[in-house]
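The values are calculated or read from the model by the stated rules, or taken from the named source; none is laboratory data. Since we're looking at a predicted model, the values are computed, not measured. Neighbour counts run over all protein chains shown; Cβ positions are idealised from the backbone, glycine included.
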Amino acid sequence: MISFTNNNIEKIYITGKKKLTGSVNISGAKNAALPLMALSLIINKDFNLYNVPDLADTRLMSNLLIDLGVKINWNKGNVNFYGKPKKDEASYDLVRQMRASILVLGPLLASKGSAKVPLPGGCAIGSRPIDLHVKVMESLGANIIFDGGFIIGSLSNEGLKGGNIKFPKVSVGATESAIMTAVLAKGQTKIYNAAREPEISDLANCLNQAGADIKGIGTDILIINGVKELNQVSHSVVSDRIEAGSFAIASSITMGDVEINNVCTKNLTEFINVLRYTGSKVEISNNSINVSNSKRPRPFDVVTNPYPGFPTDLQAQYMALMAIADGKTLIRETIFENRFMHAPELMRMGAKISINHQEAEICGVKKLKGAKVMASDLRASMCLILGALAASGTSEIDGLYHLDRGYEKLTDKLTNIGAIIKRSN
């Protein structure tokens with residue numbers, strides 16, 4: 001097993017009011033890497049992934065796959081997978097720690113003909129039911145039952161069969177499950193109301209390189225013609241648009257000037273438009289953006305939506321920026337029902353925020369003040385770091401195990417562009 005450090009007792013200390021300047025390289029996307037890693041259950045010949053971020057979540061997925069029997073060599077950002085899974089039951093101790101563990105359900109069914117996966121855990125940002133994943137498996141010919149906290153799947157002698165899948169709402173995880181399960185099913189599968197996130201396109205493109213037949217990539221209707229097997233493939237994980245957006249806000253909120261490299265700029269179109277509306281200067285080149293700012297941001301209302309809309313995973317960070325805006329901002333969250341848990345902690349720094357169900361009203365203040373705060377989830381942790389970077393005095397941020405799930409070497413990257421930040425017990 002590959003081990004990682006649990007940083008429950010570690011804290012970050014940030015002394016704010018320091019302009020960030022310089023350049024930063026963005027890592028591979030966690031939300032793309034996790035489903036790509038799950039492909040090792042169905043690509044048995046030799047599978048190489050590059051640009052894999054070294055995070056608590058990717059290490060957990062690695063450990064889960066190793067426990068299932070996949071052999072893995074991890075060399076910095078390059079990960080080699082080989083060998084077939086030897087068992088069909090996923091470890092409860094690993095699955096309970098990460099929501100994305102549900103992504104092994106379909107590949108296990110496709111490779112082993114059966115699967116037993118515990119109900120998964122993850123961030124406490126609202127209900128993320130697995131009913132759509134179950135709907136996918138049943139639509140493709142699997143028999144699914146729940147027993148003792150496990151999802152148990154089995155196939156008839158006919159195996160997986162293509163079918164029509166119509167999602168009642170957009171779901172990134174369920175779309176990924178459908179793609180990974182359907183590529184080896186007999187016949188054709190049509191997926192309607194599919195999620196269009198870049199991470200899904202990255203998954204589909206990797207599968208097509210391995211011999212899958214997926215059409216409609218990047219649209220909400222996917223047509224998959226099943227193949228008998230997948231071939232050896234090497235693939236580089238798409239860059240993390242959420243990390244890129246977080247650093248863009250870090251530059252804006254500190255009145256800085258930061259060049260953000262290894263960015264797929266077309267995946268950030270809506271966010272970049274919003275950032276420009278707030279007064280930031282954003283210059284785009286092939287694989288980088290330069291973000292600078294010289295005054296308090298202008299308020300601009302946003303509504304989170306599935307891609308290509310404003311990302312829910314940047315909502316918390318954007319709230320930190322609007323906390324110092326010159327006016328009032330409304331943020332409406334449409335994806336998760338509990339995704340304003342960072343607001344009370346940001347208010348400890350002096351932010352003026354009121355919450356009414358799924359809408360937050362932020363009345364910008366001229367300055368924030370350092371405080372002791374606690375992160376409630378992954379994106380909330382970044383929100384508080386951004387607030388601390390803009391605040392006078394020193395802030396102490398607890399709950400770093402959330403941060404380590406999604407941001408690779410964050411303290412090093414921030415230090416390199418001028419942040420006064422340290423991490424310690």
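Residue check: is Lys11 at pLDDT below 95 and charged (D, E, K, R)? Walk me through it before giving the result.
Working: at pLDDT below 95: yes; charged (D, E, K, R): yes.
Judged against the criteria, Lys11 is a match.
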Requested in this report: Evaluate the stretch 199-214: report whether one residue or more is buried (at least 23 other Cβ atoms within 10 Å of the Cβ), within 24 Å of the chain's Cα centre (by Cα) and outside any helix (DSSP H, G or I).
Outcome: no
Requested in this report: Give, as residue ranges, the helices (runs of 4 or more DSSP H) completely inside the stretch 361-420 that count at least 2 residues that are under 20 Å from Leu20 (Cβ atoms) and of a type outside the set (Ser, Thr, Tyr).
Outcome: 378-390, 410-416
Query raised in the report: Of the numbered conditions (1) in contact (Cβ under 8 Å) with a residue 40 or more places away in the chain; (2) in a strand (DSSP E or B), Leu330 satisfies every one except a single condition; which is it?
Result: (1)
Report summary line: Residue set Glu270, Glu283; condition more than 25 Å from Gly364 (Cα to Cα), surrounded by fewer than 24 Cβ atoms within 10 Å (Cβ to Cβ) and charged (D, E, K, R); output residue Glu283
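Yes/no matrix, rows are residues, columns are (1) more than 19 Å from Met382 (Cα to Cα); (2) at pLDDT 95 or above; (3) not small (Gly, Ala, Ser):
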{"residue": "Ser251", "(1), (2), (3)": "no, yes, no"}
{"residue": "Thr254", "(1), (2), (3)": "no, yes, yes"}
{"residue": "Ile260", "(1), (2), (3)": "no, yes, yes"}
{"residue": "Cys264", "(1), (2), (3)": "yes, yes, yes"}
{"residue": "Asn273", "(1), (2), (3)": "yes, yes, yes"}
{"residue": "Gly279", "(1), (2), (3)": "yes, yes, no"}
{"residue": "Ile289", "(1), (2), (3)": "yes, yes, yes"}
{"residue": "Pro297", "(1), (2), (3)": "no, yes, yes"}
Requested in this report: Return only the number of the condition from (1) among the hydroxyl-bearing types (Ser, Thr, Tyr); (2) modelled with pLDDT of 95 or more; (3) surrounded by fewer than 16 Cβ atoms within 10 Å (Cβ to Cβ) that Ser424 does not satisfy.
Outcome: (2)
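Select from the stretch 101-134 the residues that are among the charged types (D, E, K, R) and modelled with pLDDT under 95 and write down the one among them that is farthest from Gln358 (Cα to Cα). Give the derivation first.
Restricting attention to the stretch 101-134, the residues satisfying the condition of being among the charged types (D, E, K, R) are 112, 116, 128, 131.
Okay, now just the ones that are also modelled with pLDDT under 95, so 128, 131.
Working: Arg128: 16, Asp131: 23 Å.
Once the filter is applied, the top-ranked residue is Asp131.
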**Report entry** Yes/no for Pro53 being surrounded by 15 or more Cβ atoms within 10 Å (Cβ to Cβ) and either part of a loop (DSSP other than H, G, I, E, B) or without any contact (Cβ under 8 Å) to a residue 24 or more places away in the chain (or both)
**Finding:** yes
Query raised in the report: Hey, Ala178 hits all of (1) surrounded by fewer than 16 Cβ atoms within 10 Å (Cβ to Cβ); (2) touching a residue at least 60 places away in the same chain (Cβ under 8 Å) but one; which does it fall short on?
Result: (1)
Report summary line: Among the residues of the stretch 308-324, the number that are crowded, with 20+ Cβ neighbours inside 10 Å and in a loop (DSSP other than H, G, I, E, B) is 3
